[in-house]
Structures are given as C-alpha cells and as structure tokens.
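Student: Once you've had a glance at the structure underneath, I'll fire off some questions.
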Amino acid sequence: MSKEHDKGMSLIVKTITRLTVGLILLYGIYIVLHGHVSPGGGFAGGVIITLSFIHLMLAFGKGVAFKRMSKNMMSLFESFGALFFLGIAVLGFSGGYFFLNVISKGEPFRLFSAGIIPLCNIAICMKVGAGIFAIFVALVLLDLDTDKKE
Amino acid sequence: MMGLYILLIFMIVGAIIAIEVKDMLSSVIAVGAVGLGLSIVFLILKAPDVAITQLVVEILCLIILIRATLRKDLPFSTTGRWVFNTFITSVFMIVFFLVAVKCFKDLPEFGFPLMRVARTYIEHGKALTGSTNLVTSVILDFRAYDTLGEATILFTAVIAVLTIVRKIGRKKVDMPDEESDE
C-alpha cells in the first residue's frame, strides 16, 4: 500500500482508475493526431485528455493530479498553445497571407499530411485542455472553500 | 426520421424532469440525459465531429455540475408571481411552437441545394488542403481566422473564471485564518 491510498475514493475506484486512465489519455492523443484523417480534432481530443486528468483527480485527490500537472504547467500549456497557434498563422506570411498552408500537403489518408492542420490541432488541443482543466480546478477549489466556511 | 422524433420527445421529457424534480443529483443526471440524446441526434444527422465534441463536453459539464452543486443548499425560488410567470412561459412556448412548425414546412431537403461556397469546399477541399476530414479542413484551413477568434474567446473565458473564483487577494470577511492549503 503506497501513500496514495490516503485520500480520494475507495480502493475499487482507485484500481479501476489505474487501469483506465492511460487508455483515456492515449485515446485523446489519437483523436488529436488523427484529426485531419478521421472525425475528431483538437477541441474534442483536448477535452478527452483533460478528462483523464480529471479522472485522476476525482479518484486520488488533488495532490496526485497536481503532481502530474501542476499549475505552472497548466499556465505554460495554455499560453504556449495560444502562441503556437498564432505563430502558425503568422508563418503564413512567408508565403503570402495569414493562415496560408505553407508546409507541403503530402499524400492524403496519411498521418503526416495536410500541411499545417495537424500542428493547428495540437496547438488547439494544448490550449483547450489546459484551459478547461484550469476552470475545473478553480471550481473544485472554490467548492472546498465554501464547504469549510459552513 | 422516426428515430429523430423519438429522441426529441425523450430530450423534452428529460428537460422537464430536470426542472421539476426536487433532488439536485437527479436534476443533474436528467440534464446529462438530454445532452446524450443531443449527441445521438448529431450522429443520426451524419455529423460525427459535432457528436464527439458534444458527448465529451457533456460528460465534462456533468462532472463539473456534480462537483460544484452537490452538498450545497442552493435556494429554490418557488415563491413569487407564479401565475404571471406560467402565463408568460406558456404564451412564449405556443408562439415558438407555431413559428417552428411554419419554418419546418419550408425547410429544404437534407443537404440538397448545395451553396456555392460549400460546393467549392466539397469538390476542391481535399486537393487544396490535403486533409480528408472536410470539417477539419474548413475550420483549420479555409476558416482558420474564425477558429483563432474562438480560441481567443476561450482564453478570455478562462481568464475571467480564474479572476472571479481565485483565492489569493480575496477579502476575508468573517474568518481571517483559513489560508491553510493552497
């Protein structure tokens, strides 16, 4: 028994969480990377990745989740996603106009194709995931705060 | 089309239950049922991208609602001018229903008259962007400027939420010593 068993939900929930949280994270990454080939995209994939962290936080308490994704990391991901997306947009000026697809298109149905679209998906995924996780953390901590006041 | 109407009736019933039931957890679960019905409606209407996003965001909203609203005695406003309120609500619902029936009669067939812009996207989208998912090619290549604005809106929303519900710098009125964690 490690020290992770102190806080959070019961042992059954923790065991199931340990089995499923990696699969959820991998599915989110798959949805993001295949956004230009199959249905999905940056927004849905980012929210799925966030859901895996929220899963961890609900089962193990906030200490374990913050160890894997701290507040500074969240703020870094959020800002870096926004700047990355804007940087891709400005990169289009090298060929002519805003958001020009400057990288070569490649072959359709391949993972590495469609120029800037996978990069945009990754940027939006980081931005949306970090932002929504920040909102969740803020609401949960506010909840604890009001509980203590009563 | 029959499944759509069954799902619509299911969603309306779920929404009424969510309003009328007294228990907070049952109300939140009913809202979740409405959202899941909406995601299946999107799937029937052949929009898998929107269905995935709706499903995922619905689960997230459900978790946030359960964590943020349970174990709190939120006040129910049952008193007040309920005759006037019910009258206004029913009049609005009848007007909306009549207008909706009139509009649905004049709707074109599903996906039939292709507009000029949409036809360009469908015919040349794959060759121009190299992306086989046309929705992604529209939102991230043809209309990427809109996506930039949308991302800015989300950024602003996150900053606003973190500004309102932050703990640092908030004025403590009754209990000055509760900065134990964080």
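Student: Examine the stretch A:54-73 for a residue that is under 22 Å from A:Ile116 (Cβ atoms) and in contact with a helix residue (DSSP H, G or I) (Cβ under 8 Å, 6 or more places away or on another chain), and state whether such a residue exists.
Tutor: There is no residue in the stretch A:54-73 that is under 22 Å from A:Ile116 (Cβ atoms) and in contact with a helix residue (DSSP H, G or I) (Cβ under 8 Å, 6 or more places away or on another chain).
Student: When you scan the stretch A:69-81, do you find a residue that is more than 8 Å from chain B (Cβ to nearest Cβ), in a helix (DSSP H, G or I) and basic (Lys, Arg), even just one?
Tutor: yes
Student: Would you check which residues across the stretch B:138-158 are more than 7 Å from chain A (Cβ to nearest Cβ) and part of a helix (DSSP H, G or I) and list them? Steps first, please.
Tutor: Step one: filter the stretch B:138-158 for residues more than 7 Å from chain A (Cβ to nearest Cβ), giving B:138-139, B:142-143, B:146-147, B:149-150, B:152-153, B:156-157.
Result: B:Val138, B:Ile139, B:Phe142, B:Asp146, B:Thr147, B:Gly149, B:Glu150, B:Thr152, B:Ile153, B:Thr156, B:Ala157.
Student: Have a look at A:Ser75, A:Ser113, A:Ser79, A:Ser94 and point out the one that is of a type in the set (Ser, Thr, Tyr) and open to solvent by less than 50 Å² (accessible area, probe 1.4 Å).
Tutor: A:Ser113
Student: Quick check, is A:Gly131 assigned to a helix (DSSP H, G or I), touching a Cys at 6+ places or on another chain (Cβ under 8 Å), open to solvent by less than 10 Å² (accessible area, probe 1.4 Å) and within 10 Å of another protein chain (Cβ to nearest Cβ)?
Tutor: Criteria not met by A:Gly131.
Student: List the number of the failed condition for A:Asn101; all other conditions in (1) more than 11 Å from chain B (Cβ to nearest Cβ); (2) open to solvent by less than 60 Å² (accessible area, probe 1.4 Å); (3) outside any helix (DSSP H, G or I) hold.
Tutor: (1)
Student: For the stretch B:49-89, enumerate the residues that are open to solvent by 50 Å² or more (accessible area, probe 1.4 Å), at pLDDT 85 or above and within 26 Å of B:Tyr5 (Cβ to Cβ).
Tutor: If the condition is that a residue be open to solvent by 50 Å² or more (accessible area, probe 1.4 Å), at pLDDT 85 or above and within 26 Å of B:Tyr5 (Cβ to Cβ), then B:Val50, B:Leu55, B:Ile59, B:Thr89 are the ones that fit.
Student: Something else: Restricting attention to the stretch B:36-47, which residues are within 14 Å of chain A (Cβ to nearest Cβ) and either open to solvent by 50 Å² or more (accessible area, probe 1.4 Å) or at pLDDT 90 or above (or both)?
Tutor: We begin by selecting, within the stretch B:36-47, every residue within 14 Å of chain A (Cβ to nearest Cβ); these are B:39, B:42-43, B:45-47.
Correct list: B:Ser39, B:Phe42, B:Leu43, B:Leu45, B:Lys46.
Student: Restricting attention to the stretch A:38-50, does a residue exist that is surrounded by fewer than 21 Cβ atoms within 10 Å (Cβ to Cβ) and more than 11 Å from chain B (Cβ to nearest Cβ)?
Tutor: No, the stretch A:38-50 contains no residue that is surrounded by fewer than 21 Cβ atoms within 10 Å (Cβ to Cβ) and more than 11 Å from chain B (Cβ to nearest Cβ).
The values are calculated or read from the model by the stated rules, or taken from the named source; none is laboratory data. Keep in mind that what you see is a predicted model, and the values were worked out from it rather than measured. Note that each Cβ is placed from the backbone with ideal geometry, even for glycine, and that neighbours are counted across all protein chains shown. Protein only, heavy atoms only, side chains kept; ligands, DNA and RNA dropped before computing areas. Shrake-Rupley method; radii C 1.70, N 1.55, O 1.52, S 1.80 Å.
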